[in-house]
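Throughout, read-outs are computed from the coordinates displayed, never taken from laboratory work. The structure presented is a predicted model; accordingly, all values stated were derived computationally and were not measured. Ideal geometry is used to build each Cβ from the backbone, glycine not excepted, and the neighbour counts take in all protein chains shown.
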Amino acid sequence: MSTRPNMKIIFFESDNTTKKFMGENSQSNWDLTFLEAPLLEKTDIQPFLDAEILSSHTGSQFNEKTISPFKKLKAIITRTTGVDHIDLDYCKKRNIKVLSVPCYGTATVAEFTFTLILALLRRLETSEDMLAHADIVQPKLCGADLSGKTIGIVGLGKIGSHVAEIAHGFGMKILGYDPHAEKTKSYITHCDFDDLLKQSDLISLHCPGNCHTKDLINHQAFMKMKKEAILINTARGQVIDTQALYKAIKENRLGGVAMDVAEEERFLYTFPTLWEIENLSRERLETVFLNQKLLQHKKVLMTPHMAFNTQEANRRILETTLENIKSI
């Protein structure tokens, strides 16, 4: 009786939780390798070229250069909802399946959106700094209510719709823009993009990152917003033009911005190496530099792509990833 050959699976950006869960639930013919680092163009992949499945978060780069050496590759299984870090055209050409986790964090990300909103509006960072220096100045801690404010939600998928539900509970007026949205709740007023920009006190982004949404929030968009508008991004960094954002902040055209995602966000966690600097375009290097300046601005709150990161959501991610692997 023949036995099935081992299927080699490489987990990039993996932690102890991933290793433990997959180890406990793997099938006998799975050969699992866990790596903490992402898959990048500089990654030494020689020991793993016989892999049939690659799995990662958004920090990895799945393009022709990184995955063409994997001649046996059958599938890329991303432990995320978004797939903008994967070259889908090349995968289609190679007949490589791409599987994701579409519904793990509807409430998770929506709740974090309001964590950012409330932290920004109620000056939590400023208050923490004042307490640390024993120098409390109450006028500088004066915040703003959400009740009665208008929130504009860009993208009315599962997360955006849940954000609207929470906003409704706060007593907010809700505007929504989504050219693909079907029937939504009666408390959401649908409008075109320009009207949403002009009327909203807060604008929350929940659209996918793709060629249609890249730089959706650009210089023209900022010029249409209210001067004291608050911008929230828990979607994808590429939806906001970083240069335009920095200009708007510098010229005091925004009340504030809170972002869990950013263009070139990987370099918020680790500064580019010499190799990376030499291989980044001038535009990408400028984005890295501007992110550092935004990070230190008093009107900017940035978090390290953590909106998804709860115990419950991580469990759902791993469970769906396991099912995705079994489907190959």
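In whole angstrom, the chain maps to an equivalent ellipsoid with semi-axes of 38, 22, 20, each derived as √(5λ) from the alpha carbon gyration tensor and ordered largest first. Of the residues G155, I67, L49, the one whose Cα sits farthest towards the positive end of the charge dipole of the chain is G155 (charges of +1 on Lys and Arg Cβ, -1 on Asp and Glu Cβ, taken about the Cα centre).
Computed from backbone phi with θ = phi - 60° and the Karplus coefficients 6.51, -1.76 and 1.60, the 3J(HN,Hα) list for the range 38-46 is x, 8, 10, 5, 8, 5, 7, 9, 3 Hz; x is used for glycine and proline. Separation of the range 249-328 and the range 169-225, taken as the distance between their Cα centroids, equals 21 angstrom.
Amide H contacts under 5 Å for K97: A75, I76, restricted to partners 5 or more places along the chain or on a different chain, H placed in the peptide plane at 1.01 Å from N. Subtracting the Cα-Cα distance of H168 and H180 from their residue separation scaled by 0.36 nm leaves 2.2 nm. Shape of the range 41-156 from the C-alpha gyration tensor: prolate (a/c of 1.5 or more and a/b above b/c, with a ≥ b ≥ c the square roots of its eigenvalues). Projecting the Cα atoms of N279, Q292, F267 onto the charge dipole of the range 256-309 (Cβ charges, centred on the Cα centre) puts Q292 farthest toward the positive pole.
Each of the GluC sites (Glu not before Pro) that DSSP puts in a loop and that has at most 15 other Cβ atoms within 10 Å breaks the chain; the longest unbroken stretch is 42-181. Counting only alpha carbon atoms, the long axis of helix 158-169 and the longest principal axis of the chain meet at about 30°.
Relative to the current alpha-carbon distance between Y90 and I136, full extension at 0.36 nm per residue lengthens the span by 10.9 nm. Based on Cα contacts under 8 Å between residues 6+ apart, the chain shows a relative contact order of 14 percent.
The simple Förster model, with R0 at 45 Å and r as the Cβ-Cβ distance, assigns D50 and K293 a FRET efficiency of 0.50. When shorter helices are ignored and each DSSP H run of at least 4 residues is given -39500 (n - 2.57), the per-residue value for the chain at 222 nm works out to -10500 deg cm²/dmol. Angle, helix 106-121 long axis vs. longest principal axis of the chain, Cα atoms, 0 to 90°, nearest 10? So the inclination is approximately 40 degrees.
Taking only Cα atoms, what is the 0 to 90° angle, nearest 10, from helix 16-25's long axis to the longest principal axis of the chain? Around 50 degrees separate the two axes.
For the range 177-328, a/c is not less than 1.5, where a ≥ b ≥ c are the root eigenvalues of the C-alpha gyration tensor, and a/b does not top b/c. That puts it in the oblate class.
First check a/c for the range 181-250, with a ≥ b ≥ c the square roots of the eigenvalues of its C-alpha gyration tensor; if it is under 1.5, answer rounded, and if not, answer prolate when a/b is larger than b/c or oblate otherwise. Since a/c reaches 1.5 but b/c is at least a/b, the shape of the range 181-250 is classed as oblate.
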